[in-house]
1. Tally the residues that are more than 14 Å from GLY78 (Cα to Cα) and part of a strand (DSSP E or B), restricting the search to segment 17-32.
2. Could you check segment 353-454 for helices (runs of 4 or more DSSP H) lying wholly inside it with 1 or more residues that are among the small types (Gly, Ala, Ser) and out of contact with any helix residue (DSSP H, G or I) (no Cβ under 8 Å at 6 or more places or on another chain)?
3. Considering every residue within segment 346-361, establish whether at least one is modelled with pLDDT of 95 or more, outside the structural domain of ARG92 (by the TED database), of a type in the set (Lys, Arg) and more than 26 Å from SER401 (Cβ to Cβ).
4. Taking THR216, is it near the ligand (Cβ under 8 Å from one of its atoms), in contact (Cβ under 8 Å) with a residue 24 or more places away in the chain and more than 22 Å from ASP42 (Cβ to Cβ)?
5. Residue by residue through segment 430-453, note down the ones that are open to solvent by less than 60 Å² (accessible area, probe 1.4 Å) and under 26 Å from SER124 (Cβ atoms).
6. Could you list, in sequence order, all residues of segment 367-386 that are crowded, with 24+ Cβ neighbours inside 10 Å and of a type in the set (A, V, I, L, M)?
7. Strands (runs of 3 or more DSSP E) wholly in segment 122-169 with at least 1 residues that are more than 8 Å from the ligand (Cβ to nearest atom), open to solvent by 10 Å² or more (accessible area, probe 1.4 Å) and in contact with an Asp or Glu (Cβ under 8 Å, 6 or more places away or on another chain) - which ones?
8. Do we have ASN108 as in a helix (DSSP H, G or I), modelled with pLDDT of 95 or more and either closer than 27 Å to ARG26 by Cα or touching a Ser or Thr at 6+ places or on another chain (Cβ under 8 Å) (or both) here?
Amino acid sequence: MDSHSVKIEHPSPIATVNPANGQVLREFNPMSDEQVDHAVYDAHRAFLSWRERPVSERVAALARAADLMLERIDELSGLVTMEMGKLRHEARGEVNLSAEIFRYYAENAAELLAPEPLTADAGSAEIRYEPLGVLLGVMPWNFPIYQVARFAAPNIAAGNTIVLKHASQCPQCSIAIEKLLTDAGLPRGVYVNLLVPGRTVQRVITNPLVRGVSLTGSDAAGQSVAESAGHEVKKTVLELGGSDAFIVLDDEDFERTLDFAVTARVANCGQSCVAAKRFIVLGDLYDRFLQGLRERMVALRPGDPTDEATTLAPLSSEQAAQRLIDQIQQGVASGATLVLGGGRIDRPGAYVQPTILTDITPDNPAFREELFGPAAQVYRVETDAEAIELANATPFALGGSVWSGDERRARNLAARLETGMVWINYPTSSQPQLPFGGIKRSGYGRELGPLGIKEFLNPKLVRVVERGAQPTAGFFG
Ligand code: NAP
């Protein structure tokens with residue numbers, strides 16, 4: 001029994017519940033305010049020495065973490081499947097990608113953090129990238145290992161330390177990551193779990209030792225965190241919801257486009273911020289597209305996520321399944337046509353039928369909402385301009401994809417999409433070296449790639465003026 005599991009109060013908000021059958025597997029007592037304060041203080045003490053270590057030492061621990069992730073892939077992916085119902089091969093893919101992220105920053109952090117010389121007369125000037133201190137990460141359950149990796153790896157490399165509040169429904173993933181990083185050689189306090197429910201996050205933000213907050217989650221949680229952090233004048237990065245468009249311009253390689261359309265919608269059982277949620281199809285292709293999508297969605301096989309034959313997982317929880325059903329029903333009540341599905345699958349667990357909605361008008365709530373599950377919206381447009389207008393007519397602006405045999409035409413549309421990311425002829429995806437993030441209500445800031453490591457750093461100017469020299473410009477103050 002570990003220290004987190006003594007004196008459980010039932011029902012605890014922090015618990016592992018198997019979404020495939022609703023069984024409560026394990027509960028954890030939330031940490032007290034005092035324990036949280038100790039954890040933040042530990043992280044602060046660790047920061048004072050961690051920031052002094054050479055980057056080469058810091059990244060050595062990241063490289064070991066990458067190795068350990070691969071060694072422990074069965075254990076980690078098993079926990080992911082158990083706590084949020086992810087298909088086994090998808091869970092293994094997530095752990096592999098997470099290891100790649102640790103490896104990317106282990107190999108590139110020194111170069112990314114190098115001082116940048118600037119042009120300056122009468123001497124020299126440079127930007128030095130210095131860590132800020134203790135950062136709070138607030139993470140979601142949908143990619144329980146990857147979300148932590150993309151926040152933790154760059155910031156640990158950069159010399160910050162981390163207190164990590166994971167989603168209440170994946171405590172065992174959270175504990176496994178903390179243990180892995182400790183085993184990889186991180187000194188005590190560099191990475192510390194906060195086993196607490198979301199409502200206590202505000203208090204952590206007000207702790208003066210916390211210097212920044214990164215949240216990945218819903219726009220409601222993002223708004224709450226940004227308000228608290230704004231009040232304290234603390235830097236935030238917000239990675240929030242999405243309602244990505246998948247724009248089909250022509251029928252070049254149409255079967256491939258259709259195969260990817262289904263993958264882009266139902267991978268992770270549709271619970272991805274960058275899942276394709278709105279399919280926007282040019283008029284003469286619309287009927288063929290709808291038919292092809294329907295055939296492929298019908299062919300999905302619901303089942304136990306640990307079974308290799310299963311192609312449709314449960315949603316992550318009973319509440320998630322019920323919320324999606326409510327959204328679909330409200331969409332239909334507001335005039336949408338239900339082409340497929342729309343209900344629960346008749347078996348225990350949080351299963352929802354693959355669903356297709358059409359005829360969604362701008363006054364329908366479904367038009368503006370994020371459907372977080374295997375429910376596709378399909379729209380018909382007649383011109384490229386209409387496709388862009390529709391794609392941009394949402395509060396969200398995370399990713400999107402354009403599908404065409406004509407790269408110039410696709411690039412032209414990509415340039416006019418109001419999003420943080422656009423992929424052409426491939427679903428919006430994530431790679432360690434590529435920045436990830438959105439605009440509008442999808443949040444701000446970037447994770448991964450060269451931009452991701454700079455978010456929580458102080459780009460400090462150091463200007464050296466040669467003795468006796470006089471710079472041409474400038475005033476004091
Ligand atoms: P969520 O309810 O917002 O939870 C995310 C995290 O925020 C959890 O740790 C949660 O803690 C915490 N939280 C909840 N309410 C909070 C509050 N008022 N103040 C501070 N923290 C709070 O989101 P979710 O339903 O788990 O995740 C799905 C959402 O995340 C979707 O909208 C999805 O699109 C988005 N997402 C975005 C990205 C991206 O990169 N842009 C990536 C993945 C997911 P508890 O679990 O204790 O409530």
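The values are calculated or read from the model by the stated rules, or taken from the named source; none is laboratory data. Source: prediction; values computed, not measured. No Cβ is skipped: glycine too gets one built from the backbone with ideal geometry, and neighbour counts run over all protein chains shown. Side chains included, ligands, DNA and RNA excluded: accessible areas come from the protein's heavy atoms. Shrake-Rupley method; radii C 1.70, N 1.55, O 1.52, S 1.80 Å.
1. In the first step, residues of segment 17-32 are kept if they are more than 14 Å from GLY78 (Cα to Cα); the result is 21-24, 26-32.
After this cut, where a residue has to be part of a strand (DSSP E or B) as well, the list is 23-24, 26-28.
Summing the residues that are more than 14 Å from GLY78 (Cα to Cα) and part of a strand (DSSP E or B) in segment 17-32 gives 5.
2. Values: elements: 365-368, 384-392, 407-416, 449-452.
Because the criterion is at least 1 residues that are among the small types (Gly, Ala, Ser) and out of contact with any helix residue (DSSP H, G or I) (no Cβ under 8 Å at 6 or more places or on another chain), the helices (runs of 4 or more DSSP H) in segment 353-454 that meet it are 384-392, 407-416, 449-452.
3. Step one: list which residues in segment 346-361 are modelled with pLDDT of 95 or more, which gives 346-361.
Narrowing further to those that are outside the structural domain of ARG92 (by the TED database): 346-361.
If we keep only those that are of a type in the set (Lys, Arg) too, we end up with 347.
Subsequent filtering for residues that are more than 26 Å from SER401 (Cβ to Cβ) retains 347.
Within segment 346-361, one or more residues are modelled with pLDDT of 95 or more, outside the structural domain of ARG92 (by the TED database), of a type in the set (Lys, Arg) and more than 26 Å from SER401 (Cβ to Cβ).
4. On the way: near the ligand (Cβ under 8 Å from one of its atoms): yes; in contact (Cβ under 8 Å) with a residue 24 or more places away in the chain: yes; more than 22 Å from ASP42 (Cβ to Cβ): yes.
When the stated conditions are applied, THR216 passes them.
5. Within segment 430-453, PRO450, ILE453 meet the criteria.
6. Hits for segment 367-386 are ALA375, ALA376.
7. On the way: elements: 123-131, 134-138, 161-165.
Result: 123-131.
8. Numbers: in a helix (DSSP H, G or I): yes; modelled with pLDDT of 95 or more: yes; either closer than 27 Å to ARG26 by Cα or touching a Ser or Thr at 6+ places or on another chain (Cβ under 8 Å) (or both): no.
Here the answer is no, as ASN108 does not meet what is asked.
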